[in-house]
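Step one of this worksheet: look at the structure below.
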Amino acid sequence: MSMRIELSSLNVYYGSFLAVEDINMVIEPNSITAFIGPSGCGKSTLIRTLNRMHEVIPGAYVKGKLTMNGEDIYSPSVDPVKVRRQVGMVFQRPNPFPTMTIKENVLSGYRLNNNKMSKSDADALAEKALKGANLWNEVKDRLDRPGSSLSGGQQQRLCIARAIAVEPEVILMDEPTSALDPISTAAIEDLAIELKEKFTVVIVTHNMQQASRISDMTAFFTIADTGLPGKLIEYDRTDNIFSNPKEKQTEDYVSGRFG
Amino acid sequence: MTTASVTQDFQGTRSLPKWLAPTLLAVAILASFSINSALASSNPEVTQLNLFAVALVAVVTYSVGFYLASRIIEGKRKSADRLVTILVTGAFSLAVVPLISLAWTVVERGAARFDMEFFTFSMRNVVGAGGGAYHAIIGTLQITGLATLISVPIGIMTAIYLVEYGRGALARAVTFFVDVMTGIPSIVAGLFAYAAFVVVFGPGVRMGIGGAIALSVLMIPVVIRATEEMLKIVPNELREASYALGVPKWLTVTKVVLPTALAGIATGVMIAIARIIGETAPLLIIAGFTASTNFNPFDERMMTLPVFVYTSYANQGADAQTYIDRAWTGALVLMLIVMILNIIARLVSKYFSPKG
Amino acid sequence: MSSQAPVVKRRIGDLVFSNLALGSGITILVILAAVAIFLFAESVPAFLSEQDAAPDGFFAYVAPFLFGTVLASIIALLIATPLAIGIALYISHFAPRRASQILGYSIDLLAAIPSVVYGLWGMLVLAPFLNPSYLWLNENFGWIPFFEGPVSATGRTMMTVGIVLAIMILPIMAALIREIFLQTPRLHEEAALALGATRWEVIKMAVLPFGKAGIISSAMLGLGRALGETMAVALVLSGSGVITFALLTSTNPNTIAANIALQFPESSGTYTSLLIATGLVLFAITMAINMLARWVISRRSEFSGAN
């Protein structure tokens, strides 16, 4: 239940503008990989190519190869909707569906796709997902309350429960804690470490301490100047990136000299 | 600079004393009364005091007096501000007066026939007293209902097209022409419905469904604009969350975006209904006038409440006052329906909008 | 290498639904085309027929009604515009903040009243009320062509119609202008305040210039509404087909819309076509005004500071 992701010569475009240039990297299953870098370097753009969300923006597209367990998800025969069922995403601001209860939110991946499920199966799945997101104990008595009645940190864990309920292979997190307080942030970080037992996790963060705390591998991106494409500067084990970086730009960034 | 002159820099100009405004008002009203009474008694033609003139003179006298006092005491800039305050407050008050007058008139004159008979009898075989607007109310319900049935699906789907799908020249053309549609005069919509039906049914055609089509032409752009607003308010993050779960676009729109916007759309639809339910001109043209109840929108003339009000007044019979009474009661019922629709719309918006 | 986005395979549900949406959009275009075509088709007999419903030609028939339509609407606009600006200013800048919603609602209530009710009220309440004032105007200012006599005994005059129309277009204009005033960037107002301006000076310096295009556009939309108004005019005015500037007398021009409403139910044959032709003229005018209004607002939006 976890995939190996390989990017080969991946270039990401918004219309005719090249946003991210020539990415080559391999992400191992059951690991946490962090994308770090200054604002505007393309890390959010890049993570959205992993579940084909990038092309939802009109005119946006990708060139190159992106394989998961060997299969190129951008080949013409591939249905992007199916890709997104295998690759889950958690966003920067928690976005539970306001018209649904907590339980309905967790199961929305199925409900919205008109997949029928018996009540007992649905209950079991909701419980499993909520436990997996470390939210079960807090909400088990109020599953019928609206999704928006929870606190910020709880809402984000609800979104994680929603993402893992469809049993994806990969979970993408785009700055999942930047809108949360420190206690909730810590809770989500602990959760991420648990999740890597089952899934491949890729996390974008502008918080270097977070990257160093939880990730196994770290990729550092930057842009040379505004208007130029973002590039991958260095990709290595997290300890190396932070204590012994090979590139000077990486060292400047992690030691706080810029960005 | 000594401290005395520094504090003097911040001192405001002298201000108008508090007793000035009410005193001035009283003086103005008294003066207006006296002047108008003097003019009235010296003019043999005038029989009673024109209240409108009294009020007008009083207000003008007060305003001028107040402005002058302010100009002298407070200075030029502050007095300009005061004058503008008087003017805009006056403008607002002026606008409220017809509202109150209208409400009062309709209630007062409409009460006469606000009885059970009015709601249960049509005008069939009625000449003079008695009778009611039953046929008109039934007709309005049918025609408005049909118009809603036609307008809401087209309106919502077009709004979905404009917000969720439309790009490029076609979308720009559609949004431009929706704007054009909002400006169609209601009588032109009625003429269009007539012209279209004449082609199929020949001259002199009158049909309930024609009225529904004319009203749809007026209602569709309102529904489109309201729905567009509501769809645009749905945060894009919800759409993204749905796509990220592997939900295709059409299911995202129908099962996430629309339900989130539903309360607002319902409100918009109700306000659109309230708007067209009082339209008279198109129904006069294509739905026609009859004294009997008609339950078939595809067969012959159908009476509607606004047309009932108009014709009751315009085509009075022998006992004129009974016709006038019925007209006013019809007007009262019409206004009550519009008010109720507006209130329900606001309640729906308040209680059914998704929180958070 | 092309910069074209690759084509993605479409799902059936998406295909059906997106085409449904597209179809609705096209329906709008079809409806408008139908309106133009049918109106045109049905008015043609009026021009072609030998026994003219309009003995002096179409233009001679419609000209007085066109005059009446424009006259009534201009009066309405002249009265409504300053009032609408005043009301909008009052609600946005002068009234207590907490009351502004309620105050806005009360003006919006004016818009909820059906036109036929305005007609009844205008004819039976407003006209008699204004009559003494008309007499006074005629006595003291009768040398101005607008106020020349003989003054109508009932008060059902062009002036009354103008006032009723003004009340009818007031709420929508006030609401639009209020929105525009509320959108004045806080920054501009604060800049003026920081210069030591009074409230009126802030409005003069920051709010009104910003809102100029919007006020013009709202005025044109109000004009468009007034041009098309039927029932209020039909009830208040007992119009004949004259052309006159006298606003206080009992011989008044009629408007296109009111004329159609009065004549249509009993008309037949080429006369019906003639009326429809006048309706087409009305449609063309209101459309032109509306398009002009939208154009004004779109042209100025780059300079409005809202960006």
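The values are calculated or read from the model by the stated rules, or taken from the named source; none is laboratory data. Remember, predicted model here, so these are calculated numbers, not experimental data. Positions of Cβ are backbone-derived with ideal geometry, glycine not excepted, and every protein chain shown enters the neighbour counts.
Quick rundown of the values:
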{"read-out": "Which numbered condition C:Leu170 fails, given (1) farther than 25 Å from B:Thr85 by Cβ; (2) buried (at least 19 other Cβ atoms within 10 Å of the Cβ)", "value": "(1)"}
{"read-out": "Members of region A:49-95 that are in a loop (DSSP other than H, G, I, E, B), at negative phi and in contact (Cβ under 8 Å) with a residue 40 or more places away in the chain", "value": "A:Leu50, A:Asn51, A:Ile57, A:Phe91, A:Gln92, A:Arg93, A:Pro94, A:Asn95"}
{"read-out": "Meets criteria (buried (at least 16 other Cβ atoms within 10 Å of the Cβ), on the phi < 0 side of the Ramachandran plot and of a type in the set (A, V, I, L, M)) for C:Ile243", "value": "no"}
{"read-out": "Members of region B:288-335 that are more than 21 Å from B:Val126 (Cα to Cα) and away from every other protein chain (no Cβ under 11 Å)", "value": "B:Asn296, B:Pro297, B:Phe298, B:Asp299"}
{"read-out": "Hits in region B:126-144 (condition: assigned to a helix (DSSP H, G or I) and touching a residue at least 60 places away in the same chain (Cβ under 8 Å))", "value": "B:Tyr134, B:His135, B:Ala136, B:Ile137, B:Ile138, B:Gly139, B:Thr140, B:Gln142, B:Ile143, B:Thr144"}
{"read-out": "Test: A:Ile160 is of a type in the set (Val, Ile, Thr), more than 18 Å from the chain's Cα centre (by Cα) and modelled with pLDDT of 90 or more", "value": "no"}
{"read-out": "Any hit, region A:71-80, residues being surrounded by fewer than 22 Cβ atoms within 10 Å (Cβ to Cβ), in contact with a Ser or Thr (Cβ under 6 Å, 6 or more places away or on another chain) and away from every other protein chain (no Cβ under 12 Å)", "value": "no"}
{"read-out": "Count of region B:189-207 residues which are more than 8 Å from every other protein chain (Cβ to nearest Cβ) and more than 17 Å from C:Gly228 (Cβ to Cβ)", "value": "7"}
{"read-out": "Of the criteria (1) free of Cβ contacts under 8 Å to residues at least 24 places away in the same chain; (2) of a type in the set (Gly, Ala, Ser); (3) surrounded by fewer than 21 Cβ atoms within 10 Å (Cβ to Cβ), which one B:Ser312 fails", "value": "(3)"}
{"read-out": "Output for region A:83-95, where each listed residue is surrounded by fewer than 18 Cβ atoms within 10 Å (Cβ to Cβ) and within 7 Å of another protein chain (Cβ to nearest Cβ)", "value": "A:Arg93"}
{"read-out": "Residue among B:Leu251, B:Leu231 that alone is more than 7 Å from every other protein chain (Cβ to nearest Cβ) and either out of contact with any Lys or Arg (no Cβ under 9 Å at 6 or more places or on another chain) or not in a helix (DSSP H, G or I) (or both)", "value": "B:Leu231"}
{"read-out": "Residue ID - farthest from C:Leu135 (Cα to Cα), chosen from residues in region C:246-286 that are surrounded by fewer than 21 Cβ atoms within 10 Å (Cβ to Cβ) and without any contact (Cβ under 8 Å) to a residue 12 or more places away in the chain", "value": "C:Ser268"}
{"read-out": "Helices (runs of 4 or more DSSP H) lying entirely in region C:68-153 (those with 1 or more residues that are facing chain B (nearest Cβ under 8 Å), of a type in the set (Val, Ile, Thr) and within 20 Å of C:Phe181 (Cα to Cα))", "value": "C:100-112"}
{"read-out": "Matching residues in region A:96-114 - criterion: being within 7 Å of chain B (Cβ to nearest Cβ) and either of a type in the set (Ser, Thr, Tyr) or assigned to a loop (DSSP other than H, G, I, E, B) (or both)", "value": "A:Phe97, A:Pro98, A:Thr99, A:Ser108, A:Leu112, A:Asn113"}
{"read-out": "Residue among B:Tyr161, B:Tyr165 that is surrounded by fewer than 24 Cβ atoms within 10 Å (Cβ to Cβ) and facing chain C (nearest Cβ under 9 Å)", "value": "B:Tyr165"}
{"read-out": "Answer residue from region A:129-146, given it is free of Cβ contacts under 8 Å to residues at least 24 places away in the same chain and assigned to a helix (DSSP H, G or I) and is nearest to the other protein chains (Cβ to nearest Cβ) among those", "value": "A:Glu138"}
{"read-out": "Region B:234-248 - residue that is part of a helix (DSSP H, G or I) and touching a Leu at 6+ places or on another chain (Cβ under 9 Å) and, of those, surrounded by the fewest Cβ atoms within 10 Å (Cβ to Cβ)", "value": "B:Ser242"}
{"read-out": "So C:Ser273, is it over 14 Å from the mean Cα position of the chain (by Cα) and at pLDDT below 85", "value": "no"}
{"read-out": "Tabulated pairs, region B:90-105, first outside the structural domain of B:Gly330 (by TED's automatic domain parsing), second of a type in the set (Gly, Ala, Ser), C-beta under 6 angstrom, 6+ apart or interchain", "value": "B:Ala91/C:Gly86"}
